[in-house]
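Colleague: I have a structure I would like to understand better, so I am pasting it below and will then ask my questions one at a time.
The values are calculated or read from the model by the stated rules, or taken from the named source; none is laboratory data. As the structure is a computational prediction, the values presented were derived from the model and not from experiment. Cβ placement follows ideal geometry from the backbone for every residue including glycine, while neighbour counts extend to all protein chains displayed. Surface areas here come from the heavy atoms of the whole protein model, side chains and all, with no ligands, DNA or RNA. Shrake-Rupley method; radii C 1.70, N 1.55, O 1.52, S 1.80 Å.
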Amino acid sequence: MNSTKRSLHPGMGAVVHPKGTMFRVWAPFASSVAVAGSFNSWSSDTDFLACEGNGYWSCDLQQARKGDRYQYVVINAKTGNEYWRNDPYALEVTHSAGDSVIVADAFDWSGDEEFRMPSLNELVLYEMHIGTFNDEHGGRPGDLFRAIDRLAYLHDLGINAIEIMPLTEFAADYSWGYNPGHLFAVESAYGGPFSLKKFIKAAHSYGIAVIIDVVYNHFGPSDLDLWRFDGWSENGKGGIYFFNDWRAKTPWGHTRPDYGRSEVRSFIRDNALMWLKDFRADGLRWDSTVNIRTQYNGSGGDIHEGWTLMQWVNSEVRKERVEVINIAEDLQENEWITKPAQEGGAGFDAQWAAGFTHPVRDAVIAHDDRERNMHDLERAITGSYNGDAFQRVLYTESHDEVANGQARVPEAVWPGNAASWFSRKRSTLGAVLALTAPGIPMVFQGQELLEDEWFRDTDPIDWTKLQRFDGIHTLYRDLVRLRRNWHDQTAGLRGQHVNVFHINNEDKLLAYHRWEHGGKGDDVVVVVNMSNRSYPVYRMGLPRSGKWRVRFNSDWSGYSSDFSNHPGYDTEAYPGMKDGLLFHGSVGVGAYSALILSQDAE
């Protein structure tokens, strides 16, 4: 047994320094803590940590080096039972049920300082699952290095932010990622921490931000060394890292973290900051925040400590990196989620907008045109939180919306025939709405390739569809580029403002005006025909006089050879009130088609 002194080095977990490695762990109900590893032949009674007097234990070991494997050996003070535990702050594990690994990567970030995070009104998100994004059937799941190979493709598509589904170490190799076992370790099947840094640096070189999906509403529930970490628990629950009363229950098990304990709050705060500081991620997307602030999907009682945790962590993140984006998946249309923390809100910048997604999906999926409600679409298009449209993330597909009993939109339009004309026409109408309504648009991986069926972690994207449905891919690319004003003709799509000035619920058409500052090159008109009927001449109001040019016609045969190429011609706006506007004109629009019009910039 070696006599040890507490370490004077800061930090938690295993931290390499010039004279060895510091170890620090929180175990308040332990009588002793030792560290065993490949550096001491896995001896459980050789290298003990010193008690710091506040539940923390630490030591410095000269012989412990980068790459060594280790675990803590914790003795419970009351029972004397021995527990071998992985480091809660381990930056790498051999696998979810393996050992912790000492990490000290000197990563070369040179050149990365040139990257600038796009502003909220510029963002177009792409939700990605590393295991299926660029993979083949059979063998191991896809990894971060293979995902790098498709970054040029995303850049060409116009994507400037990737939202990565959780990649903390989880049980086994295949998972959505929402079962985190080791919060600080990057999933070994995806390539580990070095691979994630390579991915983020590569994404930045293409001008693409990276947002990490984090799970703080529950841990595990399997391969979870945090469970009864030092042997203590109450009421049959999880011990020091978890609530040990009614607040423990979640939809995924009784593993909700104890947001009231300062040590657990710091654990979560440190995790959030790690992604932003050490990995240079550009934002976080918090999974199911409703299950942080309430017991069970909004029912069962409020958890005040969860609310204050979100406020605190978001405030700490803002102090560290003012330019990052914090996104909540709350799905309750609660404006307080995106109010500033100093005003009593949770402090997020944006949240997934269920109030957009569900009415839009309902409208495009409905079998009968008569079931499509243009007034519901108007509310979806004009919604905002706290008067700010860019507090909304808009989408028709996400990992949740295309699984759990639901399907991708083309599949839902015609089950078993996602490649049908109806599926292609109506699913792309949903994309038009998401990419032209005010908010932050998001595309789910493969959506632009007309991926079918539903999302699962063992079914990779079928990249052969890039050739088969090249026109649909081009349609998405054209929409994204118009949304980002690549051609200096559609600046209004980046603006806050929208006026749904024409609603024809009988014939299932609507039109809306989008603008940022107004004027030529800024004002944009979007016309959406949600019916299986074309119009050679359709009269409606227009916001300005003069020539309006068609920048996008979803019925163009270049998008699919069986699209009708119905003329969506340039039109002249003449004086005369129509739809509450001072000018009017006529357009042509095909069945289940959309037009985007603007005026040439001066």
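Colleague: Multiply the residue gap between K277 and W421 by 0.36 nm, knock off their C-alpha separation, and tell me the result in nm, one decimal place.
Modeller: The K277-W421 span can extend by a further 47.1 nm.
Colleague: Can you tell me the FRET efficiency between D362 and Q496 if r is taken as the Cβ-Cβ distance and R0 is 22 Å, rounded to the nearest 0.05?
Modeller: 0.30
Colleague: Sticking with this structure for a sec: Kyte-Doolittle mean at least -0.5 and Cα extent at least 18 Å along the axis: which DSSP H helices of the chain qualify?
Modeller: What comes out of the filter, once short or polar helices are dropped, is 192-205, 262-277, 421-436, 470-483.
Colleague: Report the label-to-label distance for H17 and S32 in nanometres (one decimal), using points 7 Å from each Cα along the Cα→Cβ vector.
Modeller: Placing both labels 7 Å along Cα→Cβ, they lie 2.5 nm apart.
Colleague: Rounded to the nearest 10 Å², what accessible area does S534 have for a 1.4 Å probe in the complete protein model?
Modeller: About 60 Å², ignoring ligands and nucleic acids.
Colleague: Grab the Cα-Cα distance for E506 and S586, subtract it from 0.36 nm times how many residues apart they are, and report the gain in nm with one decimal. List each step's numbers first, then the result.
Modeller: On the way: separation 80, 0.36 × 80 = 28.80 nm, distance 1.88 nm.
My answer for the length gained is 26.9 nm.
Colleague: Follow-up question, since we're still on this one. Whole-Hz Karplus ³J(HN,Hα) for the range 588-600, in order, using 6.51 cos²θ - 1.76 cosθ + 1.60 and θ = phi - 60°, x for Gly and Pro?
Modeller: Along the range 588-600, the couplings run x, 8, x, 5, 6, 9, 9, 10, 10, 10, 7, 9, 4 Hz.
Colleague: Calculated from DSSP H runs of 4 or more alone, at -39500 (n - 2.57) each and per residue, what is the 222 nm mean residue ellipticity of the chain, nearest 500?
Modeller: Helix contribution divided over all residues of the chain: -6000 deg cm²/dmol.
Colleague: Considering only protein heavy atoms and a probe of 1.4 Å, how much of the accessible area of the chain is carbon and sulfur, as a whole percent?
Modeller: It is 47 percent, rounded to a whole number.
Colleague: OK, next. Quick one: if you stick a label point 7 Å off each Cα along the C-beta vector at D108 and D245, how many nm between them?
Modeller: 5.5
Colleague: Quick one: grab the alpha carbon gyration tensor of the range 478-602, order the square roots of its eigenvalues as a ≥ b ≥ c, and give me rounded if a/c is under 1.5, else prolate or oblate depending on whether a/b is larger than b/c. Please list the in-between numbers first.
Modeller: On the way: a/c = 1.64, a/b = 1.16, b/c = 1.42.
Verdict is oblate for the range 478-602.
Colleague: Does a label point 7 Å from the Cα of T458, set along Cα-to-beta-carbon, have any residues of the range 119-144 with amide nitrogen under 17 Å, and which are they?
Modeller: Under cut-off, by backbone N: 131-133, 135-142.
Colleague: Right, something else. Net charge near D112: determine it from the other residues with C-beta under 10 Å of the C-beta of D112, scoring Lys and Arg +1 and Asp and Glu -1.
Modeller: In short, 0.
Colleague: OK, next. For the chain, what is the accessible area per residue in Å², given a 1.4 Å probe and the full set of protein chains?
Modeller: The answer is 36 Å² per residue.
Colleague: I've got another one for you. Might you report the magnitude of the Cβ-based charge dipole of the chain about its Cα centre, with Lys and Arg at +1 and Asp and Glu at -1, to the nearest 20 debye?
Modeller: On the way: 59 positive and 81 negative charges, 127 e Å.
Computed charge dipole of the chain: roughly 600 debye.
Colleague: Calculated FRET efficiency, H9 and E335, Cβ-Cβ r, R0 56 Å, to nearest 0.05?
Modeller: Computed FRET efficiency for H9 and E335 comes out at 0.80.
Colleague: Moving on. Which ³J(HN,Hα) values, rounded to whole Hz and listed in residue order, are derived for the range 366-372 from phi using the Karplus coefficients 6.51, -1.76 and 1.60 in 6.51 cos²θ - 1.76 cosθ + 1.60 with θ = phi - 60°, glycine and proline given as x?
Modeller: 3, 6, 9, 4, 5, 7, 7
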